[in-house]
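Structure record follows, encoded as structure tokens.
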Amino acid sequence: MTSTATARILNVVSPLALLLLWELCVWSGFVDGRLFPAPSEIIGALVQMIITGELWPHVTASLTRILAGLAIGSAAGVTLGIIMGLSPLVRAIIQPVIAATYPVPRTAIVPLFLIIFGIGELSKILVIAISVFYIVLINSMTGVMQIDRIYLDVGKDMRVSRFQAFWTIALPGALPTIMSGLKLAVGIAFIVLVVAEYTGSQTGLGYMIWEGWQILDLRRMYVGLLLVALFGWLATLLMDELEHIVVPWRRGR
Amino acid sequence: MTVTPIKTIDPGIKAEPAPVKVRLNGLSKMFKVNGREVTALQDVSLTIASGEFVVIVGPSGCGKTTLLRIVDGLDEESHGHVTRFHTDPSKPLSSMIFQEHAIFPWLSVERNIGYGLRMRGLPKAEIAATVAHFLKKMGLADYAKAYPYQLSGGMKQRVSIARAFANDPEILCMDEPFAALDEQNKAIMLEELTRIWSETRKTALFITHSLDEALVLADRIVVMTARPGRIAAIFDNPLPRPRQSYEIRKDPAYGEISARIWSILREEVMKSRGETV
Ligand SMILES: Nc1ncnc2c1ncn2[C@@H]1O[C@H](COP(=O)(O)OP(=O)(O)OP(=O)(O)O)[C@@H](O)[C@H]1O
Ligand SMILES: [Mg+2]
């Protein structure tokens, strides 16, 4: 058996083995089933929530927020990032602001956003958007600044306009780095989503986790955790696929 | 150093001197390297006629690329003057084949070759025809849709050559375009370049370290000094056209001219090495 085939099988087997171990520990009474419900119980709770229709509003609420936040944050981040990469002047103006605010943990500004934008949808979407914005902006700017000068020289040699240089050289040249930024952003967006939903929210997977803990319905909490993990994993796969499509020249590397 | 150029064997068609295409007047270029000023080019003056093929040789680091970039308009001269005469507005004035592989990694081979034409907004059918022509000429027809990462070094270099040729400029600036090619492809490319040049009467500037290449292609050979780059000597190529790379060696004039160029070049190369060691 080749090592990659072994790795692939282990990828599936090791999480399953862990779940099985967990299940056995609960059944044997080694672990308190009230604090750590067996995987079978969590799946049962999940199925029940699907049947009663209780789950659906939480899922749609979370997915809507994360998609809106990602869309706003990455559109703004990519645009401003590329402009900063191309223009030393814009960079000189904006970079100090970015550098000064970047170290503030994104989850720490949730209360601030609740004050400014109220406890409605907007504050949650914007908290996600701003977290995404930073990482995408920095990657886009770096991506443009790292483009080999020789490609800009070719553009100059061909007498391309600034507009053409942007679309045919700056953007594709920075795209691999922009894509890695977007992939990181998706992961961060899930973290921020859950924290934003803990407070001032009646829906969402984060709310489910929080509420499950508060009313000590721990199976609900675990269902929430399971779904966040599942969606996060699916989003990562989707981003890999997207990268494959928009950066075809990186294939086989 | 001054060297009396060998008399050109004039085939008699140059009844009238060709109009000037590029005129370099007292050209100098300085670079700041770690706060120290480096003179890359010093007082270079040269007049290139329309349709002329000029080959530039000289030690590594003597400013050949710098000179070509200024002629192409990529860099500004520090002192002196460059005049270029653009006669056909339907064609770009000049295009460059870069010393490094400068093909876009994000474009397929065919889109790389057609890049200049697309940027000029030429009709799609015309671009497709030109691209197909050069794909075939460069032996890349099977790789039209491939990305550069799927090509060998020599193939990438051929794409870069095709992109400049397809752009059909009045002045072709070529910076060691054949350096990455194998002997067989180099021979084919030399013939192809000679053909394109003689059919289209482009003005050509060509940098090389190979005297064979120089003597096959050139009307005139410019030898540059070690840094700061100045013109050491200019030779007229005495070998009659058409020239084949293996045929010209039989010509007694070949041995004589290459010995004369070598004697100057070797001295300059020694100087450039002594300076850095
Ligand atoms: N952008 C730059 N900044 C600073 N120095 C430069 C720059 N470009 C070239 N130089 C310097 O100018 C000198 C001439 O460089 P150039 O590339 O023109 O040499 P070359 O004759 O083409 O050499 P080679 O045969 O190795 O290609 C070198 O000393 C080089 O270090
Ligand atoms: Mg060079």
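What are the lysines whose alpha-carbon lies under 25 Å from the alpha-carbon of B:Lys250, with same-chain residues fewer than 8 places away excluded?
Correct list for B:Lys250: B:Lys7, B:Lys186.
With θ taken as phi - 60° and the coefficients 6.51, -1.76 and 1.60, list the Karplus ³J(HN,Hα) couplings across the stretch B:196-206 in order, rounded to whole Hz; mark glycine and proline as x.
Couplings: 4, 5, 6, 6, 9, 6, 6, 8, 10, 10, 9 Hz.
Can you check what the net charge comes to around B:Leu24, using other residues whose Cβ is under 15 Å from the Cβ of B:Leu24 (Lys, Arg +1; Asp, Glu -1)?
+2
In peptide B:70-80, how many Cβ atoms from other protein chains are near each Cβ within 10 Å, on average?
1
What is the sum of charges around A:Leu242, taking Lys and Arg as +1, Asp and Glu as -1, for the other residues whose C-beta is under 13 Å from the C-beta of A:Leu242?
Local net charge: -1.
Other chains near B:101-113: what is the mean number of their Cβ atoms within 10 Å of each residue's Cβ? Let's see the in-between values first.
Numbers: counts 1, 7, 3, 9, 8, 12, 3, 2, 0, 0, 1, 1, 0.
Rounded to a whole number, the mean comes out at 4.
To make sure I understand, if each residue's beta carbon is the centre and we count other beta carbons within 10 Å, what order do A:Tyr198, A:Tyr102, B:Tyr143 fall in, fewest to most?
Ascending Cβ contact count within 10 Å gives the list A:Tyr102, A:Tyr198, B:Tyr143.
Where does each of A:Phe190, A:Phe30, B:Phe178 land when they are ranked from fewest to most other beta-carbon atoms within 10 angstrom?
Fewest-to-most Cβ neighbours within 10 Å comes out as A:Phe30, A:Phe190, B:Phe178.
Need one number: the % of Cα-Cα pairs in the protein assembly as shown sitting beyond the 34 Å mark.
Cα-Cα pairs of the protein assembly as shown separated by over 34 Å account for 56 percent.
Under 5 Å between amide hydrogens, which residues at least 5 positions from B:Leu41 or on another chain qualify, with H placed 1.01 Å from N in the peptide plane?
B:Lys29, B:Gly229
Helix-only mean residue ellipticity at 222 nm, chain B, DSSP H runs n ≥ 4 weighted -39,500 (n - 2.57), per residue, nearest 500. What is it?
Helix contribution divided over all residues of chain B: -11000 deg cm²/dmol.
Which helices, taking whole DSSP H runs in chain A, have alpha carbons extending 18 angstrom or more along the helix axis plus mean Kyte-Doolittle at least 0.0?
A:3-27, A:39-52, A:55-86, A:88-101, A:121-145, A:171-198, A:218-246
Which ³J(HN,Hα) values in Hz, rounded to whole numbers, follow from the phi angles of the stretch B:265-274 under the Karplus curve 6.51 cos²θ - 1.76 cosθ + 1.60, where θ = phi - 60° and Gly and Pro get x?
3J(HN,Hα) across the stretch B:265-274, in whole Hz: 4, 4, 4, 5, 5, 4, 4, 5, 6, x.
Please compare each pair in B:Lys32/B:Lys91; B:Lys137/B:Lys271; A:Lys183/B:Lys145; A:Lys183/B:Lys136 to a cut-off of 30 Å on the Cα-Cα distance and tell me which ones are over it.
Distance filter (> 30 Å) returns B:Lys32/B:Lys91; B:Lys137/B:Lys271; A:Lys183/B:Lys136.
All of the numbers you see were taken from the coordinates with simple rules; none came from a lab. Note that the structure is predicted; figures quoted are calculated from it, not measured. Cβ coordinates were reconstructed from backbone atoms using ideal geometry, including for glycine residues, and neighbour counts include every protein chain displayed.
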